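I have placed the structure first, in the form of structure tokens, so that the comments after it can refer back to it.
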Amino acid sequence: MKAILSVYDKTGVVALGKKLSNSGMEIISTGGTFKQLSEAKIEVTAVQELTEFPEILDGRVKTLHPKIYGGLLARRNNKNDIAQISDHGISTIDLVAVNLYPFSDAISNPDCTLDNALENIDIGGPSMLRAAAKNFRDVIVIVDPEDYDQIADDISKSGLGGIDLEYRQHLAHKAFKHVSEYDSIISNYLIEGTNYEPERFSINLDKVSTLRYGENPHQSASLYKDPNFSKGIANANKIHGKDLSFNNILDADAAWNIVSDFDDTAAVVVKHNNPCGLAVNENQASAYNLAFEGDPVSAYGGILGFNRKVNLETVKSFKSVFYEVIVAPSYDEAALDLLKKRKNLRILEVQHDENRTEQTEIRNISGGALIQQTDIKPMDADSWTVVTDKTPTKNQLDDLAFAWTAVKHVKSNAIVLAKDRQLVGMGSGQPNRLNSIHLAVRAAGNSSSGSVLASDAFFPFADNIEMASQAGIVALIQPGGSIRDEETIKSANELGLSMVFTHVRHFNH
């Protein structure tokens, strides 16, 4: 009996090697795995001793040899196969334990060049896995260290026959999945930055948990994470509280994305994927209080988000208001102790993504999917244009920047009213922009006077400007680009308003 052990993740490989060796298997290995097994006093044969051929091309060619692949692919119940390998002095190989170097680790380094990336593409490992998995009836293939103990113990008790066919097939499935994920990462890397779009799109996700149900109780649902990312809500650490629901996860993700867009200390209250309260302030507790005051009625049962460590003063500001989830990068110990007294609150700790890397956004449609990059374009105030006679004041520009950052997170047609870097009114998801302005003004009440307005897309008609002026709004920010821009600019000038064009649209359907 022969086994090849050649793993990047060395977890448990020494224990596996000892058990297999004690069961009478001849261990064959390469590189770092060979060194580790040898140092553990396990009898091990180097691949080049088996193949009688040295490693060449700086290690690019080690296992690509008939004595390896003949031994893996020979069908034990096929007399022809057995006769052929016998004629060539090839022995069967009965077990392969291989896992691959994480290509994603290499390319995540900002200094990684194309040459570096190409050198980190494993050839022999995936090839051995595919060969062993193809012949799973005769060859046991292992990619997951979690499977080592069961397989080694079963072989120790009952020999190779101790691994039944159904389990072998399951292991083959895991092997092909491992290789598929690896190839997918490489494929996506090679297409990035080119003028080509992939003709086929594939994504590999790892299951995190089965959820109680989806958006509604009659819908089944599960949470999956992208193995190439270690941050974000899918990788959040739940410190306290019962399991998250489908809707909890969606809203927590919205809250985290919103506060992550602000450099200053920010607090947000999210309800049904929209910010119903949002503010920035040097003092975190003040930021929270301002966010809460933006819409106290909607805040009940909402999701809280913070982009700084949550402190005790902030938690005390919650008073008796009920929240479903709180998400933040970290928590003071005293703040956490007080939060844990809320039995129905889920407390999530999420790592900041300093680079705010783009991810692929997938939306199902009947018969297929729409795929786009996430809208994480940073705000560039230097590219803005003041298009009215009246220029916004410094405070108004600060509010316009705040409102412009906020409006991208509101469902289209999106209107946001802000004053002193606090969300005071919001209109979302309406079939026309006038309705959204009306809702935002109604929500703001008297606070609309002296506020600024952000619109996620251009104003199609001057009546938008007129309604804003009637509510006491003093400055507006919008992308511009309408065929009636001159009409809206003229209206703003006549009404004494300031207006800025950003030349960027932020639809959020």
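Taking the Cβ of Ala414 as the center, what net charge do the other residues with Cβ under 14 Å away carry, scoring Lys and Arg +1 and Asp and Glu -1?
Value of the local net charge: +2.
Kirkwood hydrodynamic radius, computed over distinct alpha-carbon pairs, for segment 233-349: how many Å, to one decimal?
13.5
Below 30 Å, Cα to Cα, which lysines can Lys341 reach? Residues fewer than 8 away in the same chain don't count.
Lys225, Lys231, Lys238, Lys242, Lys271, Lys309, Lys316, Lys319
Roughly speaking, what % of Cα-Cα pairs in segment 427-493 are separated by over 18 Å, rounded to a whole number?
28
If the chain between Ser187 and Lys79 were fully stretched, how many nm would it gain, using 0.36 nm times the residue separation less the Cα-Cα distance?
Using 0.36 nm per residue and subtracting the Cα-Cα distance, I get 35.0 nm.
Between Asn116 and Asn283, what FRET efficiency comes out of the Förster formula 1/(1 + (r/R0)^6) with R0 = 41 Å and r the beta carbon distance, rounded to 0.05?
0.35
Please compute the modelled spin-label separation between Asn493 and His272, points set 7 Å along Cα→Cβ, answer in nm with one decimal.
Result: 4.1 nm between the two label points.
When you count, for each residue, the other Cβ atoms within 10 Å and take the mean per peptide, how do 168-175, 305-312, 104-111, 195-202 rank with the highest first?
305-312, 168-175, 104-111, 195-202
Once the Cα gyration tensor of the chain is found, what semi-axes does its equivalent ellipsoid get, as square roots of 5 times the eigenvalues, in whole Å, sorted largest first?
Gyration-tensor ellipsoid for the chain: 59, 25, 19 Å.
Rounded to the nearest 0.05, what FRET efficiency is calculated for Ser220 and Tyr101 with R0 set to 30 Å and r the Cβ-Cβ distance?
Calculated transfer efficiency: 0.25.
Alpha carbons only, please: Rg and Dmax for segment 2-191, in angstrom.
Computed over the Cα atoms of segment 2-191, radius of gyration and Dmax are 16.6, 53 Å.
Roughly what percent of Cα-Cα pairs across segment 383-501 reach past 20 Å?
29
If each residue of separation counts as 0.36 nm, what is the full-extension length gain between Ser366 and Lys316 once their alpha-carbon separation is subtracted?
Going from the current span to full extension adds 13.3 nm.
Roughly what % antiparallel, to the nearest 5, for the DSSP beta bridges in the chain?
So the antiparallel bridges in the chain amount to around 55 percent.
What does the highest-first list of 241-250, 89-98 look like by mean Cβ count within 10 Å?
So the order, starting with the most tightly packed, is 89-98, 241-250.
For segment 195-254, divide the Cα radius of gyration by the Kirkwood radius and give the resulting Rg/Rh value with two decimals.
My calculation of the ratio gives 1.06.
Rounding to the nearest 20 debye, state how big the charge dipole of the chain is about its Cα centre with +1 on each Lys and Arg Cβ and -1 on each Asp and Glu Cβ.
Magnitude of the dipole: close to 1440 debye.
Ordered by packing density, taken as the mean number of other Cβ atoms within 10 Å over each peptide's residues, highest first, how do 339-346, 176-183 rank?
176-183, 339-346
Coordinate-derived values only; no laboratory data. Predicted model, so just to flag it, every value in this text is computed and none were measured. We place every Cβ from the backbone using ideal geometry, glycine too, and count neighbours over all the protein chains shown.
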